[in-house]
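So the structure is just underneath, and the comments pick up after that.
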Amino acid sequence: KKPGDSPPSSLIRSWLAIALVLGLLLFTVFSFHLSDTSLSNTLVGATAASAGSVVAFYFASKASDQARQDILGAISPTVSVPDVTGQSKATATSNLQHARLGLSEASGSATGDDARVQSQKPLPNTRVQPGTTVEVTLA
């Protein structure tokens with residue numbers, strides 16, 4: 001799941017908006033059965049205003065969710081993981097340090113001066129927090 005995805009809250013917001021609008025429509029239908037036309041007109045006007053508020057709430061909430069994600073992204077910057085496959089351990093360590101990342105060897109990695117990075121986790125071009133350790137398998 002990506003940080004920007006939020007289907008459960010979006011689904012809840014949608015159902016809440018639909019339930020409120022349907023409730024207001026039922027309330028309006030009920031108001032037509034009243035004998036006081038002034039009260040009936042007031043209720044219809046209030047229902048229309050409330051439905052507009054519900055729609056505004058729904059869209060304002062979606063925009064605020066996106067704004068919150070933008071702010072969090074600006075507060076906690078990320079770095080891109082460089083591709084270190086095929087590099088020696090020393091070169092990979094240097095490149096990862098330059099990107100403000102660490103290096104750890106996976107268990108079972110080869111040793112020796114001619115060992116090269118066979119695979120890495122996280123994958124290249126993944127966005128991570130500075131200081132994250134990249135696990136490499138040397139072969």
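The values are calculated or read from the model by the stated rules, or taken from the named source; none is laboratory data. The shown structure was predicted, so the numbers you read here are calculated from the model rather than taken from an experiment. Using ideal geometry, Cβ is built from the backbone for each residue, glycine included, and neighbour counts are taken over all protein chains shown. Please note that ligands, DNA and RNA were not included when accessible areas were found on the heavy atoms of the full protein model with its side chains. Shrake-Rupley method; radii C 1.70, N 1.55, O 1.52, S 1.80 Å.
Quick notes on this structure:
- Residue in the stretch 118-137 that is more than 30 Å from Ile12 (Cβ to Cβ), of a type in the set (D, E, K, R) and over 31 Å from the mean Cα position of the chain (by Cα) present: no
- Of all the residues in the stretch 48-64, those that are modelled with pLDDT of 70 or more and under 30 Å from Val128 (Cβ atoms) number 1.
- Hits in the stretch 54-112 - residues which are acidic (Asp, Glu) and more than 30 Å from Leu24 (Cα to Cα): Asp70, Asp83, Glu105
- Tabulated pairs, the stretch 107-120, first assigned to a loop (DSSP other than H, G, I, E, B), second at pLDDT 85 or above and open to solvent by 50 Å² or more (accessible area, probe 1.4 Å), C-beta under 7 angstrom, 6+ apart or interchain: Ala110/Ala139; Ala115/Lys89; Ala115/Ala139
- Looking only at residues of the stretch 25-57 that are open to solvent by 40 Å² or more (accessible area, probe 1.4 Å) and among the β-branched types (Val, Ile, Thr), we find that the one that is nearest to Arg13 (Cα to Cα) is Val55.
- Number of residues in the stretch 69-84 that are open to solvent by 70 Å² or more (accessible area, probe 1.4 Å) and more than 23 Å from the chain's Cα centre (by Cα) equals 1.
- The residue list Gln87, Gln66, Gln118 contains one member that is out of contact with any Pro (no Cβ under 9 Å at 6 or more places or on another chain) and surrounded by 15 or more Cβ atoms within 10 Å (Cβ to Cβ), which is Gln87.
- Selection status of Thr93, assigned to a helix (DSSP H, G or I) and either free of Cβ contacts under 8 Å to residues at least 40 places away in the same chain or open to solvent by 60 Å² or more (accessible area, probe 1.4 Å) (or both): yes
- Restricted to the stretch 1-24, and to residues there that are open to solvent by 90 Å² or more (accessible area, probe 1.4 Å) and assigned to a loop (DSSP other than H, G, I, E, B), the residue that is modelled with the lowest pLDDT is Lys1.
- Residues within the stretch 96-111 that are at negative phi and within 29 Å of the chain's Cα centre (by Cα), tallied: 8
Every residue, every condition in (1) over 30 Å from Leu22 (Cα atoms); (2) touching a helix residue (DSSP H, G or I) at 6+ places or on another chain (Cβ under 6 Å); (3) among the acidic types (Asp, Glu), yes or no:
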position: Phe59; (1), (2), (3): no, no, no
position: Pro77; (1), (2), (3): yes, no, no
position: Ser104; (1), (2), (3): yes, no, no
position: Asp114; (1), (2), (3): yes, no, yes
position: Pro130; (1), (2), (3): yes, no, no
position: Ala139; (1), (2), (3): yes, no, no
